[in-house]
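A.B. asks: This is the structure I have questions about; it appears just below.
The values are calculated or read from the model by the stated rules, or taken from the named source; none is laboratory data. Since we're looking at a predicted model, the values are computed, not measured. Here the Cβ is made from the backbone with ideal geometry for all residues, glycine too, and neighbour counts use every protein chain on show. Accessible surface areas use protein heavy atoms only, side chains included; no ligands, DNA or RNA. Shrake-Rupley method; radii C 1.70, N 1.55, O 1.52, S 1.80 Å.
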Amino acid sequence: MAPDDKRLLQIRDLRIEAMVGDTILEIVKGVDLDLDRGEVIGLIGESGAGKSTIGLAAMGFARYGTRISGGRITFDGQDLRTATEAQLRALRGARIAYVAQSAAASFNPAHKIIDQHVEAPVLHGYQSRSAAQDDGMKLYAKLRLPEPDVIGFRYPHQLSGGQLQRAMTAMAMACRPDLIIFDEPTTALDVTTQVEVLSAIRDIVEQFQTAAIYITHDLAVVAQMADRIKVLLKGEEVEEAPTAHILAHPKESYTRKLLAVRSYERPEKSRSSKTAQPELSIRGLDVAYRSGPKVLHDVSFDLHRGMTVAVVGESGSGKSTTARTIMGLLPATSGEIRLRGEILPWSFRERSKDQLRRIQMIYQSADTALNPRMRVSEIIGRPAKFYAGLEDRALHRRVEELLSLIELDPAKFYDRLPSELSGGQKQRVGIARALAADPEIVICDEVTSALDQIVAEGILRLLDRLQNEIGLTYMFITHDLATVRAVADEVVVMQRGRVTDSGARSKVFAPPHHPYTAQLLASEPKMDPKWLDTYKGRGSERPM
Amino acid sequence: MSPLGVSVLSIGFIALICVAFAATLYRGEKGGSVIAALLAALTAITWFVAGRDGVDTLAIVAVVFVLAMVASYALRWLLIRLVPSTLATVFRSAPLTAMFGFIVIGVCLAMVIFAPFIAPFSESEIVSKAYAPPAATYWLGTDQLGRDIFSRIVFGARNSILLSLTATIAAFLLGTLAGLFAAIRGGVIDQTLGRLADVLMSIPALILALLLLSILGTNLVVLVGVVAAIYAPRIFRLTRSVAANVVVTDFVEASRIRGEGDWYLIRREILPNIAAPLIAEFGLQFCYVFLLIAGLSFLGLGIQPPTADWGSMVRENAVLISFGKITPLIPAMAIALLTVGVNFIVDWMLKLTAGLKERM
């Protein structure tokens, strides 16, 4: 088929191979993609679907260790596969720009924001330095960054995650490209920040009539941005349709699964009796980092046996600090923590082995929470050996039992290293390690936020099943309201180190809302293409 | 070696280069032809500068090089077939340089263990007149007192290698443990150990060694202790900095709040994750320690005569260098060869562990 000149980007039968060890794997298996000027297409799928790889291929780029092995990529009439490095260099940054997932990692920490901003327009000869700088400030204002005239003269570490992501978008806009590739730009942000970044990105893309490829694993987010959505699975296209259409009438079962992922909801359990002694009781916790300002103010809540308390809030609200204080990693200046009525010492060093055993923690990032040099058998076996004193055969049996409990085949996984596990499997091993101690309370610190939604749902269902079987008490830290809805019996909402709202889930989430709870609820993307418009409509009436 | 025999050698060498050049050209291997052409150019220049003798030396070097390569290749071939299949895959990808390292270390080990059987004479026995040239009975000639140099090299291996190995291991035990404790405990312990290391490192190694040895006397235990004390701070520094990155990870935190003791943290959580840089450092420091002990012996403060040692052998025969003899260079070359061999193996080990990292 001859390239259609009116199309901005046309990809036909794209194939990309990757070297894994000594074998060659095809990771993109014949994907087509069309994009007109000013159009936004959303690429969605779980990790390993090839979304980012296709996004990069649209710039004629293949990551180290991969290569574009077949198909045709035509950008504005120019074949990118036969283009020379020099021709590609002239396009990249000027006519095609890229916004990466982690802006914090993509900015050079040693240079000011504006110095990095002007680089592309000056190098490509679009503008002089001073003109590019003025233009940058205008873009910052358009993206609603605070103090647009001076913010560029700060270093990346002086900006928040959401601000950096907008500065990155401004940088991509610097040459007024025809096409921008957004690679999960809001995945690392919490809901309230995500809304701001999303609406800023959408406005600027509309205003400059820029075409965009928007990559994400969150269907609700892409519904706000894209005209069309393409669903990918394992390097192949599942289906493609206009946004409203795909949300209303998904054809394939995989798409339906993606749509249903946020709707998992467990019935709420209520306390058996209000008078029962709580498993863990936190009263009037004040915490300050060494001689710094207070980060927790008078935090109080209870964990009741067999129930799940979700602690919700944006980053910096003190959720994780609370968890660290409970674990004995941070001393509080006042208040008390009682475990079944007995006061817990502040430092984990002063707690008894039995006290330590009864509270276990599951970490957010299973990548750093598992020792890369330890086999699964030892990671899981160590707590069982340490607390229960199991040895040899008994220990082996216990590890196998735990592996079956987290739905991993003991025969296959017993001797694996963490590097031989997928993200979801790693998180399951992290759960098994906590269970191995035979705890009463498990603190889950954002355990699903680093995972794909389908994998995350599996983890949530597992945790729920374990709670019913073993009678565990959970403290669930998250910024994701869908997660709260899925698992929580009681909710504690935190903002700037204070508890602003708490109570049973149905009560907290039902009107009348506390103002901050209402803002959190409103910030959560809905599977409705009109949601961002309605949100913005309300947002302009109410100061954020 | 008669002049005629050697000239056959150089003519053969030149002929071989020509054949190699033609063959690589014929088979279209560009890289090979370039190397052959460069070798030819080198030979021509050597001929022009140093005459036929120079070319002969070049030919001998080339022959030794080829022999080393063949030996390394043969060793790899043997290892792949002798060891169990899981290890065989590791050796199959091993570079020839690593095999060469194994050969060097193997030879050294043989000398260390079987010295009395290999050496024709004892290390202190005077067997001939001083400075005898190489002959059938004294393969490498004799030294300033008429002792057999070959025998002294063999016995010297024992003293030099064992001594520096002990000193390096001592330095590593000291430095690694201190570094790990500093990283885990932090605070006052970290500061105290760190400043102590700074003080030790601020004094030049050789001067500190001279000072300590002249105060404490020069017996072997003191020598090992002093060398370990000099090198431990460097290892402390490295260990502390790499361990500091591991100490802050979630998995170490998880271990700590489980209530694990320092020893478990060190042994199971941290040490396996910093093994790669430590192994590399071990290879490097072993060479430095070896050279320091050789240097101390050269200055007369290390191993005392008549005990043979590679460093002091260089010193004892140093005068010969002004007569254009290579005798003092033989122990020096032994030192160099061992150093290079150890580092070849260390490089390979680093590549292996780095490869493991890529898979993570």
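A.B. asks: Could you please give the count of residues in segment B:283-307 that are open to solvent by 30 Å² or more (accessible area, probe 1.4 Å) and closer than 26 Å to B:ARG237 by Cα?
C.D. replies: Keep residues of segment B:283-307 that are open to solvent by 30 Å² or more (accessible area, probe 1.4 Å), which gives B:284, B:288, B:291, B:298-299, B:301, B:304-307.
From what is left, the residues that are closer than 26 Å to B:ARG237 by Cα are B:284, B:288, B:291.
Counting residues in segment B:283-307 that are open to solvent by 30 Å² or more (accessible area, probe 1.4 Å) and closer than 26 Å to B:ARG237 by Cα gives 3.
A.B. asks: In the set A:GLN209, A:GLN165, A:GLN158, which member is without any contact (Cβ under 8 Å) to a residue 12 or more places away in the chain and not hydroxyl-bearing (Ser, Thr, Tyr)? Can you show your working first?
C.D. replies: Details: A:GLN209 fails: without any contact (Cβ under 8 Å) to a residue 12 or more places away in the chain; A:GLN165 fails: without any contact (Cβ under 8 Å) to a residue 12 or more places away in the chain.
Criteria check complete, one pass: A:GLN158.
A.B. asks: From the residues in segment A:369-407 that are touching a Leu at 6+ places or on another chain (Cβ under 9 Å) and not in a helix (DSSP H, G or I), which one is nearest to the other protein chains (Cβ to nearest Cβ)?
C.D. replies: Out of the qualifying residues, it is A:ARG373.
A.B. asks: With B:ALA280, B:ALA229 as the choices, which residue is open to solvent by 30 Å² or more (accessible area, probe 1.4 Å) and more than 9 Å from chain A (Cβ to nearest Cβ)?
C.D. replies: Working: B:ALA280 fails: open to solvent by 30 Å² or more (accessible area, probe 1.4 Å).
Just one listed residue meets the conditions, B:ALA229.
A.B. asks: Please find, within segment B:78-94, the residue that is least open to solvent (accessible area, probe 1.4 Å) out of those that are at pLDDT 80 or above and out of contact with any helix residue (DSSP H, G or I) (no Cβ under 6 Å at 6 or more places or on another chain). Even if it seems obvious, please write down each step before you answer.
C.D. replies: Of the residues in segment B:78-94, the ones at pLDDT 80 or above are B:78-82.
Checking which are out of contact with any helix residue (DSSP H, G or I) (no Cβ under 6 Å at 6 or more places or on another chain) leaves us with B:78, B:81-82.
On the way: B:LEU78: 82, B:ARG81: 141, B:LEU82: 131 Å².
Only one residue fits best here, namely B:LEU78.
A.B. asks: Tell me, which residue of segment B:234-274 that is within 11 Å of chain A (Cβ to nearest Cβ), open to solvent by less than 40 Å² (accessible area, probe 1.4 Å) and more than 21 Å from A:ALA436 (Cα to Cα) is nearest to the chain's Cα centre (by Cα)?
C.D. replies: Applying the filter and picking the extreme gives B:ILE274.
A.B. asks: Applying the selection to segment A:408-434, what residues are of a type outside the set (Ser, Thr, Tyr), in a helix (DSSP H, G or I), in contact (Cβ under 8 Å) with a residue 24 or more places away in the chain and within 14 Å of chain B (Cβ to nearest Cβ)? Walk me through it before giving the result.
C.D. replies: Keep residues of segment A:408-434 that are of a type outside the set (Ser, Thr, Tyr), which gives A:408-413, A:415-418, A:420-421, A:423-434.
Checking which are in a helix (DSSP H, G or I) leaves us with A:410-413, A:418, A:420, A:423-434.
After this cut, where a residue has to be in contact (Cβ under 8 Å) with a residue 24 or more places away in the chain as well, the list is A:413, A:418, A:423-424, A:426-434.
Passing the criteria: A:PRO418, A:GLY423, A:LYS426, A:GLN427, A:VAL429, A:GLY430, A:ILE431, A:ALA432, A:ARG433, A:ALA434.
A.B. asks: I'm told A:PRO267 meets every condition in (1) surrounded by fewer than 14 Cβ atoms within 10 Å (Cβ to Cβ); (2) within 18 Å of A:ASP464 (Cβ to Cβ); (3) in contact with an Asp or Glu (Cβ under 6 Å, 6 or more places away or on another chain) except one. Can you identify the failing condition by its number?
C.D. replies: For A:PRO267, the failing item is (3).
A.B. asks: Out of B:LEU320, B:LEU329, which single residue is in contact (Cβ under 8 Å) with a residue 24 or more places away in the chain, more than 10 Å from every other protein chain (Cβ to nearest Cβ) and out of contact with any helix residue (DSSP H, G or I) (no Cβ under 6 Å at 6 or more places or on another chain)? Break it down stepwise before answering.
C.D. replies: Values: B:LEU329 fails: in contact (Cβ under 8 Å) with a residue 24 or more places away in the chain.
Matching residue, one of B:LEU320, B:LEU329: B:LEU320.
A.B. asks: With the condition being of a type outside the set (A, V, I, L, M, F, W, C), I'd like the helices (runs of 4 or more DSSP H) fully within segment B:171-286 carrying at least 2 qualifying residues.
C.D. replies: Working: elements: B:187-202, B:205-216, B:220-247, B:250-258.
Hits in segment B:171-286: B:187-202, B:220-247, B:250-258.
A.B. asks: Which strands (runs of 3 or more DSSP E) does segment A:19-96 wholly contain that include 2 or more residues that are buried (at least 21 other Cβ atoms within 10 Å of the Cβ) and either within 27 Å of the chain's Cα centre (by Cα) or modelled with pLDDT under 85 (or both)?
C.D. replies: Numbers: elements: A:23-35, A:40-44, A:66-75.
It comes to A:23-35, A:40-44.
A.B. asks: Now for a separate question. Looking only at segment A:302-347, how many residues end up being within 23 Å of A:LEU460 (Cα to Cα) and part of a strand (DSSP E or B)?
C.D. replies: 7
A.B. asks: Taking the criterion of being outside any helix (DSSP H, G or I), at pLDDT 80 or above and touching a Phe, Trp or Tyr at 6+ places or on another chain (Cβ under 7 Å), would at least one residue in segment B:329-347 satisfy it? Steps first, answer last, please.
C.D. replies: Start the filter on segment B:329-347 by keeping residues that are outside any helix (DSSP H, G or I), which leaves none.
No, every residue in segment B:329-347 fails to be outside any helix (DSSP H, G or I), at pLDDT 80 or above and touching a Phe, Trp or Tyr at 6+ places or on another chain (Cβ under 7 Å).
A.B. asks: Would you confirm whether or not segment A:406-419 contains a residue that is modelled with pLDDT of 90 or more and surrounded by 16 or more Cβ atoms within 10 Å (Cβ to Cβ)? Write out each step before concluding.
C.D. replies: At the first step, the residues of segment A:406-419 found to be modelled with pLDDT of 90 or more are none.
Among the residues of segment A:406-419, not one is modelled with pLDDT of 90 or more and surrounded by 16 or more Cβ atoms within 10 Å (Cβ to Cβ), which makes the answer no.
A.B. asks: Ok, one more. Conditions first: (1) in contact with a Pro (Cβ under 8 Å, 6 or more places away or on another chain); (2) facing another protein chain (nearest Cβ under 10 Å). A:ARG358 passes all but one, so which condition is the exception?
C.D. replies: (2)
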